[in-house]
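Asks: First, the structure itself, so that you have it in front of you.
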Amino acid sequence: MLNMNNHQPSFLALAVKTIVVHTVTYFLIGALASTFLNYAERFARPEMACWMRQLADPLIMAGPLLQPIRGLIFALAFYPLREILFGRKNGWLILWWLLVALGILSTFGPAPASVEGIIYTVIPISDQLTGWLEVVPQALLLSVILFYWVNHSEKKWLNWVMGVVFFLLLLMPVAGLLSR
């Protein structure tokens, strides 16, 4: 089946959109999760503080600035699958399930909230499952927005909105780091 608008995205177009959407959704969902899941308190507990940086750490502040690298890695994985992911009516659902299955539940290492993490780490299961409240919605938003944007590349307003939001979200941590 061909892409819904009868063309496949170039690698560059897919990479830029994936970088932007991943960075924006990462920042927004991460900020919400940090606030509503009280990450400052959770990360300070002994079972978490031994491996999680505290929220005031400069690398945590710089985290959003490094997300374009992850977006590029995602794009490198999505590109060979672009016909399946972006050329079908429910491609967003396939994309979301791939992210959840491979990136959250079935990581090769014992990442928290993965099958391996639940088995091999001493992090309380309740803390691990709480993490799903951040990562599963972020994967869903990444999938839905990227799918829509790739399949509606003619919508120039979307290019502008996503570009401006991306730029502003990258300026925020830069300003925070410079003001330290």
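Asks: In region 124-153, whose amide N lies under 15 Å from the spot 7 Å out along Cα-to-Cβ of Leu66? List them in ranges.
Replies: Output list for this probe position: empty.
Asks: In the chain, if the dipole is taken from +1 on Lys/Arg beta carbons and -1 on Asp/Glu beta carbons about the Cα centre, which of Met61, Tyr148, Ile94 is farthest to the positive end?
Replies: Positive-end residue among those listed: Tyr148.
Asks: So what J values fall out for region 63-72 if you push phi through Karplus, 6.51 cos²θ - 1.76 cosθ + 1.60 with θ = phi - 60°, rounded to Hz, Gly and Pro as x?
Replies: Each residue's phi maps through the Karplus curve to give x, x, 5, 8, 5, x, 5, 5, x, 5 Hz.
Asks: So if R0 is 41 Å, what FRET efficiency would Trp157 and Ala77 give, r being the distance between their Cβ atoms, rounded to the nearest 0.05? Provide the component values of the computation, followed by the final result.
Replies: Details: r = 28 Å, r/R0 = 0.69.
About 0.90, to the nearest 0.05.
Asks: Using +1 at the Cβ of each Lys and Arg and -1 at the Cβ of each Asp and Glu in region 11-178, identify which of Gly117, Ala40, Gly30 lies farthest towards the dipole's positive end.
Replies: Positive-most Cα among the choices belongs to Gly30.
Asks: Beyond 25 Å, what percent of the Cα pairs of the chain remain?
Replies: 38
Asks: Here is a follow-up. Evaluated at 20 °C with a viscosity of 1.002 mPa s, what Stokes-Einstein diffusion coefficient in µm²/s does region 33-88 have when Rh comes from the Kirkwood expression over alpha-carbon pairs? Display every interim value, and only then the final one.
Replies: Numbers: Rh = 13.9 Å.
Stokes-Einstein gives a translational diffusion coefficient of 154 µm²/s.
Asks: Still on this structure, I have one more. Which order do peptides 21-34, 121-134, 64-77 fall in by mean Cβ count within 10 Å, highest first?
Replies: So the order, starting with the most tightly packed, is 21-34, 64-77, 121-134.
Asks: Can you check what the net charge comes to around Ala13, using other residues whose Cβ is under 13 Å from the Cβ of Ala13 (Lys, Arg +1; Asp, Glu -1)?
Replies: +1
Asks: Obtain the nm distance between the two label points defined at Tyr148 and Cys50 by a simple spin-label model: each point lies 7 Å from its Cα along the Cα-to-C-beta direction.
Replies: A separation of 4.3 nm, rounded to one decimal place.
Asks: Among the aspartates and glutamates, which fall within straight-line cross-link reach of Lys89, defined as a Cα-Cα distance under 19 Å, with same-chain neighbours fewer than 8 residues apart omitted?
Replies: Leaving aside aspartates and glutamates fewer than 8 places away in the same chain, those within reach of Lys89 are Glu154.
Asks: Given Cβ point charges of +1 (Lys, Arg) and -1 (Asp, Glu) and nothing else, what value in debye, to the nearest 20, does the dipole of the chain about its Cα centre take?
Replies: Result for the chain is approximately 460 debye, rounded to the nearest 20.
We did not get these values from a lab; they are worked out from the coordinates using the rules stated. Just so we're clear, the structure is a prediction, and the values are computed from it rather than from any experiment. Positions of Cβ are generated from backbone atoms using ideal geometry, with glycine treated the same way; all protein chains shown enter the neighbour counts.
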